[in-house]
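Take a look at the structure below.
Nothing in this text is a laboratory measurement; each read-out follows from the coordinates by a stated rule. What you see is a predicted model; the values in this text were computed from it and never measured. Glycine also receives a Cβ, built like all others from the backbone with ideal geometry; neighbour counts cover every protein chain displayed.
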């Protein structure tokens with residue numbers, strides 16, 4: 001009978017409850033979307049940060065103190081301190097975790113093209129799209145790290161030597177030379193536009209430094225703490241080498257994450273308050289409407305505890321229904337926000353459903369405070385029609 | 001016969017207005033009492049005190065051995081549920097519950113619901129084919145019959161009816177009065193407030209109130 005009465009109460013006041021339901025659904029949808037974002041934000045933001053390129057550099061000396069890769073490259077060119085390729089990359093590979101998005105060694109030489117100097121970077125070109133995902137390319141990436149016949153060139157180099165994709169580039173260095181086909185032209189928007197990128201073996205052969213590299217760049221995902229822990233492990237296993245995070249990136253990541261979390265938490269609290277106020281307004285009006293019913297129920301022997309339980313259950317149904325519908329809409333909203341903000345969809349987290357529904361039931365019950373007034377209803381007064 | 005109702009020097013004051021002023025009478029089990037008098041004479045106040053909807057300022061109002069004046073809020077609620085069956089002039093049915101559910105509501109507040117018994121109660125007042133109708137879909141007479149079924153469902157010691165035919169046309173009035181005659185014949189104790197002398201004549205005794213006092217008591221010839 002309890003459920004039957006609650007159902008009839010809901011149906012009997014569906015117009016007014018509908019208004020409160022819309023408020024609860026709206027609140028639940030936004031909260032669910034925000035919580036989905038909150039829980040997924042770390043992954044999404046670290047993915048975003050990986051677009052900024054390498055965030056960890058291994059070098060022989062303190063030359064790697066500088067944050068950005070190109071600064072490190074310049075320093076290496078000024079005072080090259082070579083590292084043993086197999087020793088360093090062996091440790092990197094041994095300690096590799098799923099957080100490591102990409103890793104590539106670098107060796108720089110200043111070669112000549114037709115008498116003009118040009119910086120040539122030897123690396124693993126199959127890692128370049130992952131290590132530098134923001135680079136634009138005209139032509140094709142080079143999928144193999146052992147292909148010694150092709151190279152990528154910066155757009156300024158292409159302009160200087162008037163070379164298009166498919167063209168040939170002849171590099172010379174200390175009496176040695178290499179003939180490379182240009183697979184693509186990169187537009188990095190930085191110093192890389194002035195460089196030539198070839199696979200490491202080709203540059204090592206050109207430079208006469210087989211088995212040696214100048215630095216290793218890594219792109220590692222995760223929080224500042226996780227990246228810090230990985231850095232420490234790597235540094236411990238590579239004594240004599242500098243393993244340094246690029247601080248601007250990691251600190252910005254931590255700070256942005258904290259601020260985003262605070263913003264989302266504040267918005268959730270604000271929405272809960274607004275939803276409660278909306279429910280409160282509806283329930284205040286409903287409490288007035290229900291005075292006559294409550295007076296009658298009391299007159300025929302209804303204990304106030306049982307009567308209030310009916311109304312609270314009605315409000316609970318309102319909160320649960322609104323919460324459930326809102327959660328479903330929230331998933332769609334989170335996906336939309338994920339696409340708009342991060343360019344990828346947010347994966348729905350089902351554990352947010354019970355959390356949001358519980359929040360909405362709590363908010364609806366808090367908003368039902370005016371129903372407390374029903375306890376004061378005097379049946380004799382109501383039955384007199386006052 | 002044992003007295004179901006014993007009223008002793010009952011007084012009720014609202015602010016400085018004396019609604020009941022030393023009323024004393026008793027009602028035997030199975031009696032039908034008509035309480036009459038002009039507006040403001042204290043009829044409804046008397047019914048409300050006997051039904052536990054209001055408390056007296058002083059005096060005793062004992063119903064089936066329970067002094068209403070001594071009960072707290074929870075005790076009054078239990079008293080209304082267990083001992084009293086109300087029939088109001090305005091019917092007072094819950095508008096979004098069907099006839100059956102209105103009757104079952106009284107069961108629910110009393111103890112547990114028994115749909116079969118509720119259906120039988122509605123059948124008894126001639127509404128077997130209207131049990132799933134909402135009050136708004138019923139005529140005034142039908143609504144009052146639902147109210148009678150609701151009043152009877154918990155087997156009360158006392159039926160209190162406040163102008164039960166005041167809002168009904170002649171045909172429906174006759175139907176409802178026939179029901180009360182049947183209830184009386186079955187031994188129910190009834191206290192009915194009415195303005196109509198013709199209805200008052202149906203009762204075993206007629207108690208007239210004036211200015212909160214017992215004006216006269218007439219026994220049916």
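At q = 0.07, 0.18 Å⁻¹, what is the log10 ratio I(q)/I(0) for chain B, with the Debye formula run over Cα points and no solvent?
Each listed q corresponds, in turn, to -0.20, -1.34.
Please determine, in degrees from 0 to 90 and to the nearest 10, the orientation of helix B:73-83 with respect to the longest principal axis defined by the Cα atoms of chain B, where the helix direction is its Cα long axis.
Compared with the principal axis, the helix lies near 60 degrees.
Would you mind computing, in nm to one decimal, how far apart the modelled labels at residue B:28 and residue A:97 are, each placed 7 Å from Cα along Cα→Cβ?
9.5
Run through all the Cα pairs of segment A:150-207 and give the fraction in each 10 Å bin from 0, expressed as whole percent.
Spelled out bin by bin, segment A:150-207 gives 25, 54, 20, 0 percent.
Return A:40, B:123 ranked ascending by Cβ neighbour count within 10 Å, so the fewest neighbours appear first. Working shown, then result.
Working: A:40 19, B:123 13.
By the 10 Å Cβ count, ascending: B:123, A:40.
Relative to the longest principal Cα axis of chain A, at what angle does helix A:2-12 sit, 0 to 90 degrees, rounded to 10?
It is inclined by approximately 90 degrees.
Give me the Å³ per residue figure for the convex hull around the C-alpha atoms of segment B:29-115. Each step should come with its number before you reach the end.
Values: hull volume 12.2 nm³, N = 87.
Roughly 141 Å³ of hull volume per residue.
Give me the compactness ratio for segment A:55-245, meaning the Cα radius of gyration over 2.2 N^0.38 Å. It would help to have the intermediate numbers written out before the result.
Working: Rg = 16.1 Å, N = 191, 2.2 N^0.38 = 16.2 Å.
Cα-based Rg divided by the globular estimate yields 0.99.
Among A:314, A:289, B:170, B:163, rank each residue by its count of other Cβ atoms within 10 Å, from fewest to most, as a rough exposure measure.
Working: A:314 25, A:289 11, B:170 8, B:163 20.
Fewest to most other Cβ atoms nearby, the residues stand as B:170, A:289, B:163, A:314.
Expressed as an acute angle from 0 to 90° and rounded to the nearest 10, what is the orientation of the C-alpha long axis of helix A:352-367 relative to the principal long axis of chain A?
Compared with the principal axis, the helix lies near 40 degrees.
Got a sec? How would A:82, A:365 order by Cβ neighbour count within 10 Å, fewest to most?
Numbers: A:82 15, A:365 18.
Ordered by Cβ neighbours within 10 Å, fewest first: A:82, A:365.
What's the average, rounded to a whole number, of partner chain beta-carbon atoms within 10 Å of each residue's beta-carbon in A:377-383? Before the final figure, lay out the partial values.
Numbers: counts 0, 2, 10, 10, 2, 2, 10.
Rounded to a whole number, the mean comes out at 5.
State the Kirkwood hydrodynamic radius of the protein assembly as shown in Å, one decimal place, computed from all pairs of distinct Cα atoms.
On the way: mean 1/r = 0.0318 Å⁻¹.
Computed over Cα pairs of the protein assembly as shown, the Kirkwood hydrodynamic radius comes out at 31.4 Å.
Rounded to whole Å and sorted largest first, list the principal axis extents of the Cα atoms in segment B:110-221.
Per principal axis, max minus min of the Cα coordinates gives 45, 31, 26 Å.
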